[in-house]
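Notes for the one structure printed next.
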Amino acid sequence: MLKSVPITEGAGVHLRRAFTLSKAAEVDPFLMLDEFHSRDPEDYRMGFPWHPHRGMETITYVLSGVIEHGDSLGNRGTIGPGDIQWMTAGSGIIHQEMPKGNDNGELWGLQLWTNLPASHKMMPPRYREIKKDQIPLVHTMNGTEIKVICGEVDGMRGPVKDIMTEIEYLDVTIPADASYRHPTQPSDTVLAYVLEGEGYFDPSGSSAGSGNLIVFDSDYWTEIKAGDKGLRYLLLSGKPLDEPVAWRGPVVMNTEEELRQAFEEYRENRFVKEDVRFTESSG
């Protein structure tokens with residue numbers, strides 16, 4: 001079990017980081033998970049001004065407040081509570097994300113980075129916006145609720161499809177003292193990140209609360225029991241790519257030479273490829 005740590009990113013956004021490069025082999029195909037949660041606009045108002053990405057996907061999930069997006073493909077959009085922004089950086093995209101709190105000043109959300117396989121590092125970039133009402137909500141007999149963002153639960157498939165690195169992304173809420181069992185593949189990386197409440201994630205009986213990340217051992221299922229105040233967590237799983245990772249800032253490639261080339265192209269204004277600079281995103 002890991003505890004998220006406070007850091008500052010962008011133009012001064014205060015957030016908590018659950019994992020990053022130091023855990024790359026352990027969490028493959030995932031790269032990074034950040035949670036931003038504050039009721040003080042000074043913690044987030046400067047946002048994430050224009051910056052590049054290459055070689056990965058960024059997945060932004062808003063729980064409170066809104067985030068305005070703009071990018072070098074010409075996309076513009078705003079996501080609010082329950083919405084998802086799924087951006088495939090591919091060969092290169094430059095974008096900005098500017099947050100705003102709700103009426104009470106609260107901003108709460110998460111950003112997950114997933115790696116792209118070497119064969120798709122330089123694919124055309126794309127941007128997809130998924131609204132709350134597009135995400136299926138599955139109810140179990142004991143009152144557990146599962147929002148299926150990506151993957152499948154009880155025959156209900158999430159709206160995010162046609163992705164290069166197949167992952168499962170679920171938002172699970174379990175009532176007090178209830179349990180939820182979910183099938184997994186022993187070959188997959190399986191993670192849980194606690195958003196609210198407290199739960200028991202392994203047979204030893206140790207509990208985990210908000211801000212904790214659990215990395216599961218290989219098995220055919222996960223079974224999680226909520227504490228006496230209930231539990232809400234993200235469940236993430238995916239098949240490891242088992243490829244070299246060369247990572248510097250917003251660029252994730254397979255070799256140091258590819259990194260050098262990416263930053264050279266950015267300095268020389270060749271980062272965004274001309275044939276995709278003004279195309280519409282797919283999805």
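The values are calculated or read from the model by the stated rules, or taken from the named source; none is laboratory data. Values in this document were obtained by computation on a predicted structure and should not be read as measured data. Don't worry about glycine lacking a Cβ; one is built from the backbone with ideal geometry, like all the others, and counts go over all protein chains shown.
Points to keep in mind about this one:
- Top-ranked residue in the range 214-229 [being small (Gly, Ala, Ser) and farther than 20 Å from Lys23 by Cα; ranked as nearest to the chain's Cα centre (by Cα)]: Ala226
- Qualifying residue in the range 259-271 (condition: touching a Gly at 6+ places or on another chain (Cβ under 6 Å) and either without any contact (Cβ under 8 Å) to a residue 60 or more places away in the chain or of a type in the set (S, T, N, Q) (or both)): no
- Every residue from the range 11-50 that is within 23 Å of Glu168 (Cα to Cα) and among the acidic types (Asp, Glu): Glu26, Asp28, Asp34, Glu35
- Which listed residue is under 20 Å from Ile93 (Cα atoms) and either surrounded by fewer than 16 Cβ atoms within 10 Å (Cβ to Cβ) or hydroxyl-bearing (Ser, Thr, Tyr) (or both), from Thr173, Thr144, Thr114, Thr184: Thr114
- Any hit, the range 53-63, residues being acidic (Asp, Glu) and over 24 Å from Leu241 (Cβ atoms): no
- Candidates Glu26, Glu57, Glu42 - the one that is touching a strand residue (DSSP E or B) at 6+ places or on another chain (Cβ under 7 Å), at pLDDT 95 or above and either crowded, with 22+ Cβ neighbours inside 10 Å or over 30 Å from Arg270 (Cβ atoms) (or both): Glu57
- The range 160-170, subset out of contact with any Asp or Glu (no Cβ under 9 Å at 6 or more places or on another chain) and either surrounded by fewer than 17 Cβ atoms within 10 Å (Cβ to Cβ) or among the hydroxyl-bearing types (Ser, Thr, Tyr) (or both), residue modelled with the highest pLDDT: Tyr169
- Check on Thr140, among the hydroxyl-bearing types (Ser, Thr, Tyr) and within 16 Å of the chain's Cα centre (by Cα): no
So that you can scan it fast, the table gives a plain yes or no per residue for (1) acidic (Asp, Glu); (2) within 23 Å of the chain's Cα centre (by Cα); (3) at pLDDT below 95; (4) more than 30 Å from Thr173 (Cα to Cα):
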| residue | (1), (2), (3), (4) |
| --- | --- |
| Leu231 | no, yes, no, no |
| Pro240 | no, yes, no, no |
| Ala246 | no, yes, no, yes |
| Glu257 | yes, no, no, yes |
| Glu265 | yes, no, no, yes |
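- The single condition among (1) without any contact (Cβ under 8 Å) to a residue 60 or more places away in the chain; (2) surrounded by fewer than 19 Cβ atoms within 10 Å (Cβ to Cβ); (3) under 14 Å from Ile59 (Cβ atoms) that Ile130 does not meet is (2).
- Filtering the range 197-238 to residues that are assigned to a loop (DSSP other than H, G, I, E, B), without any contact (Cβ under 8 Å) to a residue 24 or more places away in the chain and not acidic (Asp, Glu) leaves Pro203, Ser204, Gly205, Ser210.
- Residue check, Arg16 of a type in the set (Lys, Arg), surrounded by fewer than 18 Cβ atoms within 10 Å (Cβ to Cβ) and out of contact with any His (no Cβ under 8 Å at 6 or more places or on another chain): no
- Asn269 satisfies every condition listed in (1) under 22 Å from Ile59 (Cα atoms); (2) modelled with pLDDT under 95 except (1).
- Between Gly74, Gly82, the distinction of being assigned to a loop (DSSP other than H, G, I, E, B) and within 15 Å of the chain's Cα centre (by Cα) belongs to Gly82 only.
- Within the range 187-213, the set of residues being surrounded by fewer than 17 Cβ atoms within 10 Å (Cβ to Cβ), within 21 Å of the chain's Cα centre (by Cα) and among the hydroxyl-bearing types (Ser, Thr, Tyr) comprises Ser187 only.
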